[in-house]
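The values are calculated or read from the model by the stated rules, or taken from the named source; none is laboratory data. Computed from a prediction, not measured in an experiment: that's the story for all the values here. Cβ placement follows ideal geometry from the backbone for every residue including glycine, while neighbour counts extend to all protein chains displayed. What goes into the accessible areas is simple: the full protein's heavy atoms, side chains included, and nothing from ligands, DNA or RNA. Shrake-Rupley method; radii C 1.70, N 1.55, O 1.52, S 1.80 Å.
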Amino acid sequence: MNQPVTARAHTNIALIKYWGKSDPELIIPQNSSLSLTLEPFYTDTTVTFSNQLTRDQVSIDGQQLTVAASQRVSQLLNLIRQQANQQNFAQVISINHVPTAAGLASSASGFAALAAAASKAAGLDLDRQALSRLARRGSGSATRSVYGGFVEWQKGHGDADSQAIPLQEKIDFDIQMIVIVLDPRPKKIASRAGMARVVATSPYYPAWPVAATKDLAAMKTAILKKDLNLIGQLAEANAMKMHATTLSATPPFTYFEPETLQAIDLIQGLRATGLSCYYTMDAGPNVKVICSAKETPAILARLRQHFPADHLLVAKPGPGIAYL
Ligand code: DP6
């Protein structure tokens, strides 16, 4: 039996979204994206390769997965076995540290932690760029969770250069997020299926990578200027452009729930009172508010009038991958 290795990876929320693949097998995106890694939400994953095992055994939050459910994990392990010339199956024990019922259990932190723990346990010594490319094969958003702070996933041209780079691992100005948990249930249409349907059917999709590329350049400038309002405006507009593509797919769909629109309305209202707060959303109904730590107490006070206090989670920027 080889030594167990444990890695921790934090989840990230995209300010410029990844939406649509040019190569679904290698998970090469149609556009580059940019995210903020979050401190309080992370996954700890321990991997042990052993010649005693007859198949990969995967448990998430104490639940043993079936062979079918662990297929995506085994696919990533297969890539690692090939690279490392490792013959053995692996035991994978993964714990998501996300406040109860947050519905944020994320493939980003999960596959980044798996890539780090499994590659090391298999005897590979990968640098962060290689880890980022490996994590990408598990889930696109995991590409960015290798690094802390602001991270850019450069779409590249193929497997060799589609990877994340750190833009600012330690952020030197006041920015964080408040997650409004509206529905902790699993998403109705997984992001993978949702983006595939959009790419295949939405007549508006070709406009997306063009717009996202412009938004990304503007976002990088906004970050350099430490301009919270500009960052928020760009993130909000980019997220809504992404969500517009779901409405124009066949069959059409949306990740919005009635409460999502209420939250959006509320944030717009708070902004009209002079608070700097902006929203973004991923492939689910939860709303993430981009704001400063300084104004968080005032924003929280207002949000608490509409949402239960334990559905409002404050998240400051977090670090990249670490071995425990
Ligand atoms: C809306 O990374 O979950 O959150 O690559 O198919 O595993 P796969 O998809 P995933 O998609 C994330 C989409 C998003 C935007 C983003 O995180 O950039």
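Below, the figures for the structure above:
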| read-out | value |
| --- | --- |
| Residue within the range 25-44 that is on the phi < 0 side of the Ramachandran plot, free of Cβ contacts under 8 Å to residues at least 60 places away in the same chain and either more than 20 Å from the chain's Cα centre (by Cα) or open to solvent by less than 30 Å² (accessible area, probe 1.4 Å) (or both) present | no |
| The range 20-62: number of residues that are farther than 18 Å from PHE111 by Cβ, in a loop (DSSP other than H, G, I, E, B) and either in contact with a helix residue (DSSP H, G or I) (Cβ under 6 Å, 6 or more places away or on another chain) or within 16 Å of the ligand (Cβ to nearest atom) (or both) | 4 |
| The one condition in (1) within 14 Å of LEU36 (Cβ to Cβ); (2) surrounded by fewer than 17 Cβ atoms within 10 Å (Cβ to Cβ) that ALA272 fails to fulfil | (1) |
| Among the residues listed as MET195, MET240, the single one being free of Cβ contacts under 8 Å to residues at least 24 places away in the same chain, within 14 Å of the ligand (Cβ to nearest atom) and under 20 Å from the mean Cα position of the chain (by Cα) | MET240 |
| Residue under evaluation LYS220, criteria (1) among the basic types (Lys, Arg); (2) more than 16 Å from the ligand (Cβ to nearest atom); (3) touching a residue at least 12 places away in the same chain (Cβ under 8 Å), criterion not met | (2) |
| Residue check, ALA115 part of a helix (DSSP H, G or I), at pLDDT 95 or above and in contact with a Leu (Cβ under 6 Å, 6 or more places away or on another chain) | yes |
| Enumeration of residues in the range 246-269 that are open to solvent by less than 10 Å² (accessible area, probe 1.4 Å) and not small (Gly, Ala, Ser) | THR246, THR260, ILE267 |
| Sole exception among (1) over 24 Å from VAL5 (Cβ atoms); (2) open to solvent by less than 20 Å² (accessible area, probe 1.4 Å) for VAL146, by number | (1) |
| Selection count where residues are more than 19 Å from PHE173 (Cβ to Cβ), out of contact with any Gly (no Cβ under 7 Å at 6 or more places or on another chain) and of a type outside the set (Ser, Thr, Tyr), scope the range 275-306 | 11 |
| Residue within the range 93-102 that is part of a strand (DSSP E or B), more than 13 Å from the ligand (Cβ to nearest atom) and without any contact (Cβ under 8 Å) to a residue 40 or more places away in the chain present | no |
| Qualifying positions in the range 160-183 - in contact with a helix residue (DSSP H, G or I) (Cβ under 9 Å, 6 or more places away or on another chain), away from the ligand (no atom under 14 Å from the Cβ) and assigned to a loop (DSSP other than H, G, I, E, B) | ALA160, ASP161, ILE171, PHE173, ASP174, ILE175, VAL181, LEU182, ASP183 |
| Some residue of the range 231-245 being surrounded by 14 or more Cβ atoms within 10 Å (Cβ to Cβ), among the charged types (D, E, K, R) and part of a loop (DSSP other than H, G, I, E, B) | no |
| Listing of strands (runs of 3 or more DSSP E) fully contained in the range 250-324 that carry 2 or more residues being touching a residue at least 60 places away in the same chain (Cβ under 8 Å) and of a type outside the set (Lys, Arg) | 287-291, 312-315 |
